[in-house]
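Structure, as structure tokens:
Rule-based calculations on the coordinates, nothing more; no lab input. Small disclaimer: the values here were computed from a predicted structure and weren't measured. Here the Cβ is made from the backbone with ideal geometry for all residues, glycine too, and neighbour counts use every protein chain on show.
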Amino acid sequence: MTAALAVSGTKPGVLLLNIGSPEEPTRSAVGRYLRKFLGDGRVIDMPAVLRWLLVNLVIVPFRSGKSAKRYASIWTAQGSPLIRHCLAQATALQEKLPGVEVAAAMRYSEPYLEKTLERMLSAGVNELVVVPMYPQYAAASTASALDGVFNYLAKRAFVPSVRIVGAFYNDPAWLDSVAAGIEKTCAEMNADHVLLSYHGLPLNQLQDATRPTGGACGSAGCCDRITTANHGCYRAQCLATSAALAVRLPKLPTTTSFQSRLQGRKWIEPYTDVVLVELAKKGVKRLAVACPSFVSDCLETLEEIGVEARDTFRAAGGEELKLVPCVNDDPPFIAALAQIVRRELVR
């Protein structure tokens, strides 16, 4: 790769993109972060004026204080767990890709993607591979990240060649890395069931994504398999991930659910908090919970599942709930990520 660069004059770069995190676990910092995050029309898809009123007059005033306490409970000496893991992923991937400029950036916080792209292009990167670090596609995550990239590039006189790594929900090497983590946790706690909990989305966002291809989102069996009509459906991709993981985990029963919903709209079901109670009442005692829509541990995994879900499960009669750590910078995941990226670099 290095010799080819010297001859051809190309300099490839890889940009890993994730959502971001507040600068610190304080009410003011969380409020600033929420305004940026929830102010994105991809995230809350309603008219701009209504979205501004909802975010600034309802969500931020009433949620930032509680959210700050939740962030404080998972904060580390190195700061945000999410950003720490993302940077570690970029460092580990760099070692796998000599001659390639690898960086991590956030959509709504430092290190901002605009600043990171400026640095990469100023260093001579002229072939860019963008990796939204979301295994399953969603407009609120993947498309928003790409909006940031293309909005920045639209302002530049020189635009490098750009290739996008699509959803990798069915990539065998990534699935193997996730399954290995689940098996490890299950063995440690002698689990009798595995819950695969994905981040939730409003149902209308799935309908918007599949309508142009003729998808019948919400109809019976619409997500049972990936087709040309539902290939962009987040729920269908999540269920495909769950099916592939179940094959890799034949000794344990698995259940799929969706977490992190907000009030006011119909979200993807079944809901994780409801499923936790149902499993406990059915006699599940030792539950391992994995979150395959995340590649880095964050508030939604460490606190929402590791603390809140554990308390819910125990209160309903379960004995133990243990969070399966995300793949983070585990060597099998980094090897899988390197494979995924190389497929774009060699085109």
**Request:** May I ask you to list pairs of residues, at least six apart or on different chains, whose Cβ atoms are under 9 Å apart, with the first in the range 17-29 being touching a residue at least 60 places away in the same chain (Cβ under 8 Å) and the second being assigned to a loop (DSSP other than H, G, I, E, B) and basic (K, R)?
**Result:** L17/R107; N18/R107; I19/R107; G20/R107
**Asked** Among all residue pairs at least 6 apart or on different chains, which show Cβ distances below 9 Å where the first residue, located in the range 187-198, is more than 18 Å from R235 (Cα to Cα) and the second is polar (S, T, N, Q) and crowded, with 20+ Cβ neighbours inside 10 Å?
**Response** H193/T255; V194/T255
**Request:** Scan the helices (runs of 4 or more DSSP H) fully inside the range 1-88 and keep the ones with 3 or more residues being touching a Ser or Thr at 6+ places or on another chain (Cβ under 9 Å) and closer than 22 Å to N151 by Cα.
**Result:** 27-38
**Complete:** Here the residues within the range 233-266 that are in a helix (DSSP H, G or I) and either under 19 Å from the mean Cα position of the chain (by Cα) or among the hydroxyl-bearing types (S, T, Y) (or both) are Y234, R235, A236, Q237, C238, L239, A240, T241, S242, A243, A244, L245
**Prompt:** Looking at A187, A180, A191, A173, which is the one that is farther than 30 Å from V277 by Cβ and hydrophobic (A, V, I, L, M, F, W, C)?
**Reply:** A173
**Asked** Quick one: is A90 in contact with a Pro (Cβ under 6 Å, 6 or more places away or on another chain) and of a type outside the set (S, T, N, Q)?
**Response** no
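Residues are listed down the side, and each one gets a yes or a no for (1) in a helix (DSSP H, G or I); (2) buried (at least 19 other Cβ atoms within 10 Å of the Cβ):
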| residue | (1), (2) |
| --- | --- |
| V277 | yes, no |
| A288 | no, yes |
| S293 | no, yes |
| D297 | no, yes |
| T301 | yes, yes |
| I305 | yes, yes |
| E308 | yes, no |
| F313 | yes, yes |
| G318 | no, yes |
**Asked** Going through the range 262-316 one residue at a time, which ones are touching a Lys or Arg at 6+ places or on another chain (Cβ under 7 Å) and of a type outside the set (V, I, T)?
**Response** W267, Y271, A288, L299, E303, A316
**Message:** Quick check on my filter: what residues within the range 155-186 are of a type in the set (G, A, S) and either touching a residue at least 40 places away in the same chain (Cβ under 8 Å) or under 15 Å from A246 (Cα atoms) (or both)?
**Reply:** A167, A173, S177, A179, A180, G181
**Request:** Determine the pairs where a residue that is in contact (Cβ under 8 Å) with a residue 40 or more places away in the chain, located within the range 97-120, has a partner that is of a type in the set (K, R) and not in a loop (DSSP other than H, G, I, E, B) with Cβ atoms under 6 Å apart, the partner being 6 or more residues away or on another chain.
**Result:** Y108/K36
